[in-house]
Amino acid sequence: MIEPGLTSFAAIVLAGGQATRLGGADKATIEVRGRSLLEHALDTVIDAAEVVVVGQQVPTERPVTFVVEDPQYGGPVAGLLTGRDSLLREFPWLAVIAVDMPFVSAATIRRMHEAAVGHDGAVLVDPGLRRQLAFIVDSARLAEVEPDREGRYGHPVSTLLDKLDLVAVPALGREHRDIDSWKDLRDLGDEEEA
């Protein structure tokens, strides 16, 4: 369990995958509000002591470690655990965010962090209470529920999260919005103009 006041954590940005609904475009480089999705994600985890980006390497201003999930295109569980295994040192606490959530902020991470005290972690939920790919998790508890190497392939993160005591943190405003398709991107642009 996490202790109150603990602030040292690592972050894993999930930027891999094939983006089939985006025609195979590299999500990390797609721009929203004049900045790439990866730049938005790195701003979100600005408080992290170390950051691993699971995806193809692209230029960044912030020093991060890039890795490709093992097995490649193995899905978010494979990406999360490959990212965790690539950290240079162990952290009691991991923040995990999908690269395609440009409205999650450092304040969102802090809210989840505060909510997670006394639990295995916290997860952002949308207005329908569906879990989003933005969460904080206790590293030791994650290690207790992780599958073996073969069990990492092709599974949604919910297969891990369902085994943990996670506090639901309601999204504020558009924090829960993600970009899975060109339509999602257009819709965000239309909202900005409205």
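The values are calculated or read from the model by the stated rules, or taken from the named source; none is laboratory data. Values in this document were obtained by computation on a predicted structure and should not be read as measured data. Neighbour counts are summed over all protein chains in view; Cβ atoms, including those assigned to glycine, are modelled from backbone coordinates with ideal geometry. For the accessible areas, the whole protein counts, side chains as well, though only heavy atoms, and no ligand, DNA or RNA atoms are used. Shrake-Rupley method; radii C 1.70, N 1.55, O 1.52, S 1.80 Å.
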Can you find a residue in segment 71-80 that is modelled with pLDDT under 95, in a loop (DSSP other than H, G, I, E, B) and either of a type in the set (D, E, K, R) or open to solvent by less than 20 Å² (accessible area, probe 1.4 Å) (or both)? yes
Could you list all residues from segment 147-176 that are under 25 Å from residue 28 (Cβ atoms), touching a helix residue (DSSP H, G or I) at 6+ places or on another chain (Cβ under 7 Å) and assigned to a loop (DSSP other than H, G, I, E, B)? 153, 155, 156, 157, 175
So residue 87 fits all but one of (1) out of contact with any Lys or Arg (no Cβ under 9 Å at 6 or more places or on another chain); (2) open to solvent by 30 Å² or more (accessible area, probe 1.4 Å); (3) more than 15 Å from residue 16 (Cα to Cα); what number is the exception? (2)
Out of all the residues in segment 49-66, which are touching a helix residue (DSSP H, G or I) at 6+ places or on another chain (Cβ under 6 Å) and open to solvent by 10 Å² or more (accessible area, probe 1.4 Å)? 58, 62
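Among the residues of segment 2-11, is there at least one that is at pLDDT below 90, farther than 24 Å from residue 144 by Cα, in contact with a helix residue (DSSP H, G or I) (Cβ under 8 Å, 6 or more places away or on another chain) and open to solvent by 10 Å² or more (accessible area, probe 1.4 Å)?
no
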Within segment 93-101, does at least one residue satisfy the condition of being over 24 Å from residue 156 (Cβ atoms), touching a strand residue (DSSP E or B) at 6+ places or on another chain (Cβ under 6 Å) and outside any helix (DSSP H, G or I)? no
Which count do you get for residues in segment 157-186 that are surrounded by 13 or more Cβ atoms within 10 Å (Cβ to Cβ) and modelled with pLDDT under 75? 5
Among the numbered criteria (1) open to solvent by 40 Å² or more (accessible area, probe 1.4 Å); (2) at pLDDT 90 or above; (3) more than 22 Å from residue 171 (Cα to Cα), which single criterion is violated by residue 46? (3)
Given (1) in contact with a helix residue (DSSP H, G or I) (Cβ under 8 Å, 6 or more places away or on another chain); (2) hydrophobic (A, V, I, L, M, F, W, C); (3) farther than 23 Å from residue 51 by Cα, identify the lone condition not met by residue 129. (1)
